[in-house]
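Peer 1: Please read through the structure below; I'll follow up with questions.
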Amino acid sequence: QVQLVESGGGLVQPGGSLRLSCAASGFTFSRYSMNWYRQAPGKERELVAAITSLGGSTNYADSVKGRFTISRDNAKNTVYLQMDSLKPEDTAVYYCNARYTIPMSGALFDYWGQGTQVTVSS
């Protein structure tokens, strides 16, 4: 049974930091690229950060570059999102996503966590 369980969300003041974790089980974690998405009320879900299967490459949304850092520990089947210098506009539900495309066939495996609320407010 595939599971992605996020943790680490909460209420933080502007300028503060949070570290989100996503613990994965039920699939071969090291084969999957891992992504963090977020969705604010009334807005579409957006990609925040991505990391390749072995952690060799990362990408970030322009809005979080220089403030957020994605990392992974394949030995622990866990992906992290370190969020620094948080702003009120970072308030959203943050979702962990695991994605793998089988070479040649193009078959897609796409899993989602339940989300964790991050609120940035004074």
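Peer 1: Taking the Cα centre of the chain as origin and charging only Cβ (+1 Lys, Arg; -1 Asp, Glu), how large is the dipole, in debye to the nearest 20?
Peer 2: Dipole of the chain, to the nearest 20 debye: 160 debye.
Peer 1: Mean projection of the alpha-carbon convex hull of segment 1-52 over all orientations, in nm²?
Peer 2: Result: a mean projected hull area of 4.9 nm².
Peer 1: Separation of segment 88-122 and segment 1-48 by C-alpha centroid, Å?
Peer 2: The distance from the Cα centre of segment 88-122 to that of segment 1-48 comes to 6 Å.
Peer 1: With springs only between Cα atoms under 10 Å, which of PHE68, PHE27, PHE109 fluctuates most in a Gaussian network model of the chain?
Peer 2: Taking springs between Cα atoms under 10 Å, the residue moving most is PHE109.
Peer 1: Return the single residue from ALA98, ALA50, ALA75 with maximal mean-square fluctuation; model: Gaussian network over the chain, springs between Cα atoms under 10 Å.
Peer 2: In the Gaussian network model the winner is ALA75.
Peer 1: Just going by the charge dipole of the chain, with Lys and Arg at +1 and Asp and Glu at -1 on Cβ, which of LEU4, LEU18, ASN77 is farthest out on the positive end?
Peer 2: Of the listed residues, the answer is ASN77.
Peer 1: Pick from GLY16, GLY55, GLY42: which residue has the top mean-square fluctuation in a GNM of the chain where Cα pairs under 10 Å get a spring?
Peer 2: GLY42
Peer 1: I want the local charge near ASN97. Using Cβ-Cβ distances under 10 Å, sum +1 for each Lys or Arg and -1 for each Asp or Glu among the other residues.
Peer 2: +1
Peer 1: What FRET efficiency comes out for GLU89 versus THR52 if R0 is 35 angstrom and r is the Cβ-Cβ distance? Round to the nearest 0.05.
Peer 2: 0.80
Peer 1: I've got another one for you. Give me the accessible area of LYS43, 1.4 Å probe, in Å² rounded to the nearest 10.
Peer 2: Accessible area, nearest 10 Å²: 140 Å².
Peer 1: Let me ask something additional. If the cut-off is 19 Å between C-alpha atoms, which aspartates and glutamates fall inside it for LYS65, apart from same-chain ones fewer than 8 positions away?
Peer 2: Those aspartates and glutamates meeting the cut-off are GLU46, ASP84, GLU89, ASP90.
Peer 1: Let me ask something else. Any idea how far apart SER63 and MET104 come out in nm if each label point goes 7 Å out from Cα toward Cβ?
Peer 2: 4.1
Peer 1: Over the chain, one equal point on each Cα, no solvent: what is log10 I(q)/I(0) by the Debye formula at q = 0.10, 0.13, 0.17 Å⁻¹?
Peer 2: Ignoring solvent entirely, the Cα scatterers give -0.29, -0.48, -0.80.
The values are calculated or read from the model by the stated rules, or taken from the named source; none is laboratory data. Just so you know, these numbers come straight off a predicted model, no measurement behind them. All Cβ positions, even for glycine, are placed from backbone atoms using ideal geometry, and neighbour counts span all protein chains on display. Accessible surface areas use protein heavy atoms only, side chains included; no ligands, DNA or RNA. Shrake-Rupley method; radii C 1.70, N 1.55, O 1.52, S 1.80 Å.
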